Amino acid sequence: MQDKTFKQLLMSSNYYTLNKQIVKSLGIESAFLLTILIEASDGLADDEGWFYQTIEKIGELTGIGRHKQDKIIKDLIELKILEQKNKGVPCKRYFKINYSMIENLVFFNPQTSLSEIDKLDCKKETNLSDENSQTRLSEIDNNKEYIINNLNKELNHKEHKSYEHEFADDNLKKIKQWFVDNGIDFSKKHEAKVLELLKNNSLGFILKTFQEQLNILKNKSDVKNVAAVFSTHLFKGTTEVNTKEIEKREAEKEKIKNEERKEYTDNDKVIEVFKNLPAEQQLEIESEVIEEMNNPMLKEIKRNAENVFYLMISKKLKEKMFKLGIKF
């Protein structure tokens, strides 16, 4: 086999990825089985992290027999890396992986490993021969090959969580500075409420909302202590109502409604005048309007809903009749 082809084979997805430090601390078989459980948890675990994996499935994936599986699982449980419970009908083995313990034992305290447990169990296993050990390793070699190269996905996820925590701290500092700049006290109670808001809202949205509320309070002559009222609203989850802004919006809405009423009245008047014109003049004006509007559906609309048709062309009708000197 050419070197290039062999290299491509080694880089394919037919290989397992094991972490070097885990292998060093737990041993290759234990690291391999733990990796299989981590992969299973990624797709099968419930919200609390529990998932099931059968003896047969693990044996199929790893080549590790029932008794060796039991030994490795027992050792991982003693190290508190793994939890196990049996439940369901029929009964199934459920596992939960303690990633924090993996991080502590393997990466921050690498001298604590399964090798120490093996030393304690040495007297119990004096009958194990080199031939038996070789047989166990060959069981793994006959299964999928694997490559030892990088950290597992879950530990990378923990690093991402750490970054999110730092990002939240940075946002909290910016909001705290806003309080200082505006002369508002920032107590532990304020901090707790702000952290709660940051869980579901962006920094920009929070600062914008705070500033809007502060501006409303500053423009209210009856508010004597702006900072105190602002804090009260924050703690209660309420907001200050800007009555002037509401009145302004209501006035704008009423203005729009009045304009629409006037437009409807004008349209009705235009259509009334149009229909009092001689039939030939109506047809001439209507044909010109349809041609200018260039809408092939207009004739179909007229056949099915004449009132709608005339409302649609009323503006054009008004322009045409105005040019012809027809008074409304």
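Annotations
- When the charge dipole of region 279-328 is built from unit charges on Cβ atoms (+1 for Lys and Arg, -1 for Asp and Glu) and taken about the Cα centre, the candidate among Leu317, Ala279, Asn295 whose Cα reaches farthest toward its positive end is Leu317.
- Peptides ranked, highest mean first, by Cβ atoms within 10 Å: ranges 42-53, 63-74, 249-260: 63-74, 42-53, 249-260
- Amide H to amide H distances under 5 Å link Tyr52 with Phe95, where only residues 5 or more positions off or on other chains count and H is placed in the peptide plane.
- The smallest convex shape that holds all Cα atoms of region 220-302, its convex hull, gives 180 Å³ per residue.
- Charging the Cβ of each Asp and Glu at -1 and of each Lys and Arg at +1, and nothing else, the dipole of region 191-231 about its Cα centre rounds to 80 debye.
- Taking other C-beta atoms within 10 Å as the exposure proxy, Met312, Met101, Met297 rank Met297, Met101, Met312 from fewest upward.
- Kirkwood estimate for region 56-108, i.e. one over the average of 1/r between Cα atoms, Å: 12.3 Å
Only the coordinates and a few stated rules stand behind these numbers; no lab work does. Model, not experiment: these values are computed from the prediction. In this analysis, Cβ positions are derived from the backbone assuming ideal geometry, glycine residues included, and neighbour counts consider all displayed protein chains.
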